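Enquirer: One structure follows; several queries about it will come next.
Each reported figure results from applying straightforward, stated rules to the coordinates on display, with no laboratory input. On a predicted model such as this, the values are computed, not experimentally measured, just so you know. With ideal geometry, Cβ positions are generated from the backbone for all residues, glycine too; neighbour counts draw on all protein chains shown.
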Amino acid sequence: MSTVAEKILASHSDLDEVHPGEIVKAEIDFAFMPALTAALAFYAMYDMDIEKVWDRDRVTILLDHIAPATNITNASLHKECREIAKKQNLRHFYDINVGVCHQVIPEMLMVGADSHTCTHGAFGAFATGIGSTDMGAAIGTGKLWFKVPETVRVNVEGRLSPSVMSKDVILKTAKELGADGATYCSLEFTGSTIRDMSVGARMTLCNMAIELGGKTGIVQPDDKTIRFLEGRVKHGYTPVYSDGDAVYRETLEIDSDALEPQVACPHAVDNVKPVTEVAGKAVNQVFIGSCTNGRLEDLQAAAEMMRGKRIHPDVRVIATPASYEVYDAANSQGIIKTLMDAGAVVCNPSCSVCFGGNHGILAPGEVSLSTSNRNFRGRQGSTESYVYLCSPATAAASAVTGVITDPREA
Amino acid sequence: MIRGKAWNYGDDVNTDFILPGIYLELTDPDEMGRHAMEGIDPEFAENVQQGDVVIGGRNFGLGSSREHAPIALKHSGVSAVIAEGFARIFYRNATNLGLPALECPHVSKEVETGDTVEVDLAKGKIVVNGEKELDFVPVPEFMMEILEDGGLREYIKKNRDKW
């Protein structure tokens with residue numbers, strides 16, 4: 001009677017079963033760090049009197065949040081990370097030419113020094129974001145303690161209407177559960193709508209589990225998962241499923257037949273309204289990208305909306321593929337050309353506009369419509385700017401009109 | 001004994017408030033400390049005194065896994081964060097740094113900015129302005145051991161054999 005989260009934690013702690021609330025010490029399969037948190041993690045490991053990572057094949061650093069470097073401070077940090085990777089002889093090191101960390105490295109029990117590590121739950125893994133000191137312990141010893149989370153089930157039944165995307169499902173979930181509604185819980189997404197979704201769309205759901213306070217988000221694996229993982233898994237993958245009598249703290253039911261496109265309004269991820277209630281709001285910048293919505297199907301949805309059209313003259317559009325794999329595919333499929341022909345700026349893969357530390361910074365008074373995951377005050381620049389979150393379809397439809405627009409009417 | 005002036009920022013104090021994204025490229029803790037709380041109160045870092053206590057309402061520390069946030073608070077002089085609830089990663093990160101993150105119901109209604117707050121970790125008590133007493137939720141034993149060692153670095157050094 002266990003959930004996926006409980007089973008993975010039990011198998012990695014050498015226990016038959018575990019129960020919510022219990023603290024276990026688990027063996028880590030893989031640990032990754034973006035540059036911004038990597039140096040701090042290694043300082044922590046050295047302070048623990050540990051000189052070498054526990055397994056050079058299971059620890060990686062990625063230069064993704066800021067790429068390429070934009071000033072001397074972050075250039076120096078990148079340099080330091082390259083030196084650490086060499087000194088530690090890490091088998092996998094990803095420089096600025098790979099993309100955002102959550103696209104590339106699925107394993108069963110993963111920790112990442114980035115809060116959106118929960119994205120990997122879309123592959124049926126237990127993946128959670130940790131800070132740098134925890135990461136220092138994880139990379140130094142291969143182990144970390146976890147409090148076994150309760151599981152909240154989000155059951156989504158029905159068929160999404162055209163131009164309604166998985167982003168709308170997770171924004172609706174945020175509205176219903178609230179920004180602390182799943183604190184310390186695992187979120188498990190089930191139902192016919194989830195089964196119909198691509199793995200990329202499921203990644204959008206799991207990615208935002210943290211925005212509800214979640215420790216991880218999980219979709220149980222199926223044939224699509226297995227196909228997606230072929231050639232990507234480095235250390236083996238054993239599908240794990242929740243038992244029929246697994247215990248959930250609660251179940252939220254969402255009817256996707258009736259679901260409208262959703263928009264999270266400033267300055268909270270759970271301040272969510274149907275697009276029809278915010279339509280007409282003028283925007284200055286549209287961002288299509290991030291670990292939430294920077295995959296091929298996201299760029300494709302945006303390109304469909306913008307094909308043969310020009311973006312509104314008062315709007316700038318920044319489109320950023322989440323990985324080089326996506327970048328390459330979008331290029332060969334003509335998606336990048338469609339976006340560029342419409343007037344979008346297409347950037348190299350990185351975290352881009354999302355976190356306000358790379359490029360696309362907002363000036364005071366400006367409004368951003370963004371496919372990313374957080375709209376905290378000041379998140380993308382000035383504390384007097386405003387960030388609205390939505391799906392790629394809504395973002396692209398709005399880029400053309402210059403105001404927040406229902407993509408079903410575009 | 002933890003003793004200092006309170007700074008109350010209410011509900012939903014996110015990690016971008018505590019340390020904005022532009023400072024994530026920093027690696028020097030003292031420099032992070034000079035920008036603590038800049039996203040919500042640009043004057044905090046200049047005026048905070050050693051020992052002061054940050055107070056919050058629900059979901060303190062939501063958002064990013066950036067340990068920069070509790071590092072900035074600690075190196076600005078803050079000796080504890082007391083809130084009605086914490087986001088999970090911030091809570092772990094603060095504890096791992098030896099910065100107590102204490103859960104106390106109604107604290108953001110009971111304590112005002114400028115009040116003097118004393119914390120007795122062992123007794124589980126907070127005293128406001130020398131008179132009003134509040135109980136905080138007991139820190140789990142394992143977390144308490146980490147705090148007593150001054151953080152996870154020291155804890156692992158001492159307990160490597162049983163880790």
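Enquirer: Could you give the length gained by full extension between A:LYS337 and A:LYS234, i.e. 0.36 nm per residue of separation minus their alpha carbon distance, to one decimal place?
Expert: Contour length minus Cα-Cα distance gives 33.7 nm.
Enquirer: Mind checking B:22-30 for the average number of partner chain beta-carbons within 10 Å of each residue's beta-carbon? Numbers along the way, then the final one.
Expert: Values: counts 10, 3, 12, 16, 6, 8, 0, 2, 0.
Taking all residues of B:22-30 together, the mean is 6.
Enquirer: A further question on this structure: Using DSSP to define loop residues, name the trypsin sites (Lys or Arg not before Pro) in the range B:85-163 whose beta-carbon has at most 12 other beta-carbon atoms within 10 Å. Present the calculation step by step, with values, prior to reporting the outcome.
Expert: Values: sites: B:ARG88, B:ARG92, B:LYS109, B:LYS123, B:LYS125, B:LYS132, B:ARG153, B:LYS157, B:LYS158, B:ARG160, B:LYS162; in loops: B:LYS123, B:ARG160, B:LYS162.
Of the trypsin sites (Lys or Arg not before Pro), the ones in loops of the range B:85-163 whose Cβ has at most 12 other Cβ atoms within 10 Å are B:LYS123, B:LYS162.
Enquirer: What FRET efficiency comes out for A:GLU277 versus A:HIS359 if R0 is 35 angstrom and r is the Cβ-Cβ distance? Round to the nearest 0.05.
Expert: On the way: r = 31 Å, r/R0 = 0.89.
Plugging the Cβ-Cβ distance into 1/(1 + (r/R0)^6) gives 0.65.
Enquirer: Explain nothing, just the number: relative contact order of chain A, from Cα pairs under 8 Å at least 6 residues apart, as a whole percent. Mind showing how you got there, number by number?
Expert: Details: 1062 pairs, mean separation 72.7, N = 410.
Computed value for chain A: 18 percent relative contact order.
Enquirer: Continuing with this model, one more query. Residues with amide H under 5 Å of A:VAL387's amide H, sequence separation 5 or more or different chain, H placed in the peptide plane at 1.01 Å from N; which?
Expert: Excluding prolines and chain starts, which carry no amide H, the hits are A:SER368.
Enquirer: What per residue convex hull volume, in Å³, do the alpha-carbon atoms of the range A:140-215 yield? The partial results should precede the final answer.
Expert: Working: hull volume 8.3 nm³, N = 76.
Per residue, the Cα convex hull of the range A:140-215 comes to 109 Å³.
Enquirer: Over the range B:2-138, what is the mean sequence separation of C-alpha contacts under 8 Å (at least six apart), divided by residue count, expressed as relative contact order in percent? It would help to have the intermediate numbers written out before the result.
Expert: Values: 332 pairs, mean separation 37.8, N = 137.
28 percent.
Enquirer: Return the equivalent ellipsoid semi-axes of the range A:1-259 as a descending list in whole Å, where each equals the square root of 5 times an eigenvalue of the C-alpha gyration tensor. Intermediate results must be reported in sequence, preceding the final value.
Expert: Details: eigenvalues 194, 89, 51 Å².
So the equivalent ellipsoid measures 31, 21, 16 Å along its semi-axes.
Enquirer: Using amide H atoms built 1.01 Å from N in the peptide plane, name the residues 5+ places from A:VAL272, or on other chains, whose amide H lies under 5 Å from its own.
Expert: Result for A:VAL272 returns A:CYS265.
Enquirer: For the range A:213-228, take each phi angle, set θ = phi - 60°, evaluate the Karplus expression 6.51 cos²θ - 1.76 cosθ + 1.60, and give the result in whole Hz per residue in order, putting x for glycine and proline.
Expert: Karplus values, whole Hz, x for Gly and Pro: x, x, 7, 7, x, 9, 10, 5, x, 9, 4, 4, 4, 4, 5, 4.
Enquirer: Compute the distance from the alpha-carbon center of the range A:199-240 to that of the range B:87-130, in whole Å.
Expert: If you average the Cα positions of each part, the centres end up 37 Å apart.
Enquirer: With +1 on each Lys and Arg Cβ and -1 on each Asp and Glu Cβ, and nothing else charged, work out how big the dipole of the protein assembly as shown is about its Cα centre, in Debye to the nearest 20. Intermediate results must be reported in sequence, preceding the final value.
Expert: Values: 54 positive and 79 negative charges, 295 e Å.
Dipole about the Cα centre, nearest 20: 1420 debye.
Enquirer: Report the local net charge at B:PRO105: Lys and Arg +1, Asp and Glu -1, summed over other residues whose C-beta lies under 15 Å from its C-beta.
Expert: Values: positive: B:ARG58, B:LYS109, B:LYS125, B:LYS132; negative: A:ASP180, B:ASP11, B:GLU84, B:GLU103, B:GLU110, B:GLU133, B:ASP135.
Residues near B:PRO105 contribute -3 overall.
Enquirer: Classify chain B: rounded, prolate or oblate, from the alpha-carbon gyration tensor (a ≥ b ≥ c, eigenvalue square roots; a/c under 1.5 rounded; otherwise prolate if a/b is larger than b/c)? The partial results should precede the final answer.
Expert: Details: a/c = 1.58, a/b = 1.03, b/c = 1.53.
Oblate, because a/c is 1.5 or more while a/b does not exceed b/c.
Enquirer: So, one more: Projected onto the charge dipole of the protein assembly as shown (+1 at Lys/Arg Cβ, -1 at Asp/Glu Cβ, origin at the Cα centre), which of A:GLN220, A:PHE123, A:VAL247 gives the Cα projection farthest towards the positive end?
Expert: A:PHE123
Enquirer: Just to check I understand the Karplus step: with θ = phi - 60° and J = 6.51 cos²θ - 1.76 cosθ + 1.60, what whole-Hz values come out for the range A:237-246, glycine and proline as x?
Expert: Those phi angles translate into 9, 10, x, 10, 10, 6, 6, x, 9, 4 Hz.
Enquirer: Moving on to the next point. How many angstrom lie between the C-alpha centres of the range A:336-410 and the range A:53-79?
Expert: One Cα centre to the other: 26 Å.
Enquirer: Another question about this same structure. Once you sort the root eigenvalues of the Cα gyration tensor of the range B:21-102 as a ≥ b ≥ c, which label holds: rounded (a/c under 1.5), prolate (a/b larger than b/c) or oblate (the other case)? Mind dumping the intermediate values first?
Expert: On the way: a/c = 1.44, a/b = 1.19, b/c = 1.21.
The shape class here is rounded.
Enquirer: Counting Lys and Arg as +1 and Asp and Glu as -1, each charge on the Cβ, what is the dipole of the range B:2-138 about the Cα centre in debye, to the nearest 20?
Expert: For this selection, approximately 420 debye.
Enquirer: Taking only the alpha carbons of the range A:308-410, what extent do you get along each of the three principal axes, in Å, biggest first?
Expert: 39, 31, 21
Enquirer: Let me ask something else about it. Once you put a point 7 Å from the Cα of A:VAL345 and another 7 Å from the Cα of A:LYS87, both along the Cβ direction, what distance in nm separates them?
Expert: About 3.6 nm, to one decimal.
Enquirer: Between A:LEU212, A:LEU259, A:LEU171, find the one with the highest GNM mean-square fluctuation for chain A; connect C-alpha pairs within less than 10 Å.
Expert: A:LEU259
Enquirer: Another question about this same structure. Hey, got the dipole for the range A:264-409? About the Cα centre, +1 on K and R Cβ, -1 on D and E Cβ, debye to the nearest 20? Please report the intermediate quantities before stating the final value.
Expert: On the way: 12 positive and 13 negative charges, 31 e Å.
Magnitude of the dipole: close to 140 debye.
Enquirer: Tally Lys/Arg at +1 and Asp/Glu at -1 over every other residue whose Cβ is under 14 Å from the Cβ of B:PHE60; what's the total?
Expert: Values: positive: B:ARG58, B:ARG88, B:ARG92; negative: A:ASP180, B:ASP11, B:ASP12, B:ASP16, B:GLU84, B:GLU103.
With Lys, Arg at +1 and Asp, Glu at -1, the neighbours total -3.
Enquirer: Counting only C-alpha contacts under 8 Å and six or more residues apart, can you give the relative contact order of the range A:319-379 as a whole percent?
Expert: Numbers: 47 pairs, mean separation 19.3, N = 61.
Relative contact order here is 32 percent.
Enquirer: Enumerate the calculated ³J(HN,Hα) couplings along the range A:281-287 in order (Karplus 6.51 cos²θ - 1.76 cosθ + 1.60, θ = phi - 60°), each rounded to whole Hz, writing x wherever the residue is Gly or Pro.
Expert: 6, 6, 10, 9, 9, 10, 10
Enquirer: Still on this structure: For every helix of n ≥ 4 consecutive DSSP H residues, a contribution of -39,500 (n - 2.57) applies; sum these over chain A, divide by its total residues, and give [θ] at 222 nm rounded to the nearest 500 deg cm²/dmol.
Expert: Values: 14 runs with 127 residues, N = 410.
After summing the helix terms and dividing by the residues of chain A, the value is -9000 deg cm²/dmol.
Enquirer: Work out the charge dipole of the protein assembly as shown with +1 on the Cβ of Lys and Arg and -1 on the Cβ of Asp and Glu about the Cα centre, then indicate which of A:ASN331, A:ALA5, A:ILE170 is farthest towards its positive end.
Expert: A:ASN331
Enquirer: Around A:PHE30, which amide H atoms from residues at least 5 apart in sequence, or from another chain, sit under 5 Å from its own amide H, with H modelled in the peptide plane?
Expert: Sorted by chain and number, the residues that satisfy this are A:LEU109, A:VAL111.
Enquirer: Diagonalise the Cα gyration tensor of the protein assembly as shown and give the resulting equivalent ellipsoid semi-axes, square root of 5 times each eigenvalue, largest first, whole Å. Walk me through the numbers on the way to the answer.
Expert: On the way: eigenvalues 244, 146, 115 Å².
Listed largest to smallest, the semi-axes of the protein assembly as shown are 35, 27, 24 Å.
Enquirer: If you don't mind, another one. Pick out, from B:GLY151, B:TYR91, B:GLN49, the residue whose Cα sits farthest towards the positive end of the charge dipole of chain B, with +1 on the Cβ of Lys and Arg and -1 on the Cβ of Asp and Glu.
Expert: B:GLY151
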